[in-house]
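Reviewing the structure listed below.
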Amino acid sequence: MRPMGKENFIDYYEVLQVSPGADREIIERAFRLLAKRYHPDNQHTGDASKFKILVEAYRALSDSEKASNL
């Protein structure tokens, strides 16, 4: 678990480019779109570090219990 300092804080809603009120379907759509863009296998726009953060954000926000604590 990461320390909760301001410099280490990652806004998962911002990572997925969705509002905090987004429902599960919107979160999944945003994830799929961005995952295609940043997947390391994408030769043009792939970015492994961004993809890793994207997956972390999706897992946190798609888990209702974790998302309610964000």
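The numbers here are math on the coordinates, done by the rules we state, and not lab data. Just so we're clear, the structure is a prediction, and the values are computed from it rather than from any experiment. Cβ sites come from the backbone with ideal geometry, for glycine too, and all protein chains shown count toward neighbours.
Quick notes on this one:
- Extension gain, H39 to E14, is 7.2 nm, computed as 0.36 nm per intervening residue step minus the present C-alpha separation.
- Cut-off under 5 Å, modelled amide H: who pairs with H39 long-range: D47
- The local environment of L16, defined by Cβ-Cβ distances under 10 Å, has a net charge of -2 under the rule Lys, Arg +1 and Asp, Glu -1.
- Highest mean first, the peptides 52-59, 23-30, 7-14 sorted by other C-beta atoms within 10 Å per residue fall in the order 52-59, 23-30, 7-14.
- Around Y38: net Lys/Arg minus Asp/Glu count, Cβ-Cβ under 13 Å: +2
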